[in-house]
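Novice: Handing you a structure now.
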Amino acid sequence: MAFNKNYLQIDFTSGNFYAHSPEPKEGFEKNVSTKGNTTYRKYYKDGVTGTLEAVSIRESKIGNQISVNIKDGEEIYYLSIGLADQKGNVDNNYAESLIKFLPDLNRGQIITIRGYNFTPDGEKYSRIGISIKSGGEKLKATMTNSYYKDGNLVNGDIPALTFKKDALGKNRPTAVSQEAKNDYLLEVLKAQTERLAWVNSNGETQKEPTPPSNTATPVKANGAPQPVEEGNNDDLPF
């Protein structure tokens, strides 16, 4: 059987996964970058549904990516999510959100995965992250964040960030707390990608096939809010 391979990235502004093409294609929308470059995108606004085959870490010209391999009939999807932000920390939006789900996922599980980025009515900050359903039910990650509320520590699995004011009076996370959080998330990611490694037709564990190197470079939205405490995503509309 010949499989159709689809290499998807995430649009940081909307949270939608999309396929990229330098040329017009059926089902693709025209996209003009801030630099005036024209490409074409096919958005998966309802997410991607299929059997989870693997989760891995792969290197690319734009940095390490978390790759989620999903199979749906003759369609194979490789979903790439950037691991680090511009400062080299584990990205606290899509990457961290996905990592928190990994311990609850298994190879062979049928899932629907999508990203989101929206601001609920009456709220100040955007909700940004990954949502996963299995069996038609929205999954809730069992891994939680520690955070401070009213000066008191609320314990969770992931170490909390502590903040101090810089010379300009802005609150910034301390280097020690940021490093502790990065180390924890990377340890979880390493363990889970080993558990969810790709297995070939002979039952042998090996690296996933490498996506082509000409995929488009995603552009991250500026000014993404940095949440101080963990948000409650039970009320997400999907």
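The values are calculated or read from the model by the stated rules, or taken from the named source; none is laboratory data. Model, not experiment: these values are computed from the prediction. All Cβ positions, even for glycine, are placed from backbone atoms using ideal geometry, and neighbour counts span all protein chains on display.
Novice: How about segment 51-70: which of its residues are of a type in the set (Ser, Thr, Tyr) and not in a loop (DSSP other than H, G, I, E, B)?
Specialist: Those that are of a type in the set (Ser, Thr, Tyr) and not in a loop (DSSP other than H, G, I, E, B): Thr51, Ser56, Ser67.
Novice: So which residues in segment 37-50 are surrounded by 15 or more Cβ atoms within 10 Å (Cβ to Cβ) and not in a loop (DSSP other than H, G, I, E, B), if there are any at all?
Specialist: Listed by number, the residues that qualify are Thr39, Tyr40, Arg41, Lys42, Tyr43, Tyr44, Val48, Thr49, Gly50.
Novice: Kindly check whether there is at least one residue in segment 68-84 that is in contact (Cβ under 8 Å) with a residue 60 or more places away in the chain, over 22 Å from Tyr7 (Cα atoms) and surrounded by fewer than 21 Cβ atoms within 10 Å (Cβ to Cβ).
Specialist: Scanning segment 68-84, I find no residue that is in contact (Cβ under 8 Å) with a residue 60 or more places away in the chain, over 22 Å from Tyr7 (Cα atoms) and surrounded by fewer than 21 Cβ atoms within 10 Å (Cβ to Cβ), so the answer is no.
Novice: In segment 74-120, which residue that is assigned to a helix (DSSP H, G or I) and charged (D, E, K, R) is farthest from Leu189 (Cα to Cα)?
Specialist: Only one residue tops the list, namely Asp104.
Novice: Go through segment 107-127 and count every residue that is crowded, with 20+ Cβ neighbours inside 10 Å, at pLDDT 95 or above and touching a Gly at 6+ places or on another chain (Cβ under 7 Å).
Specialist: 4
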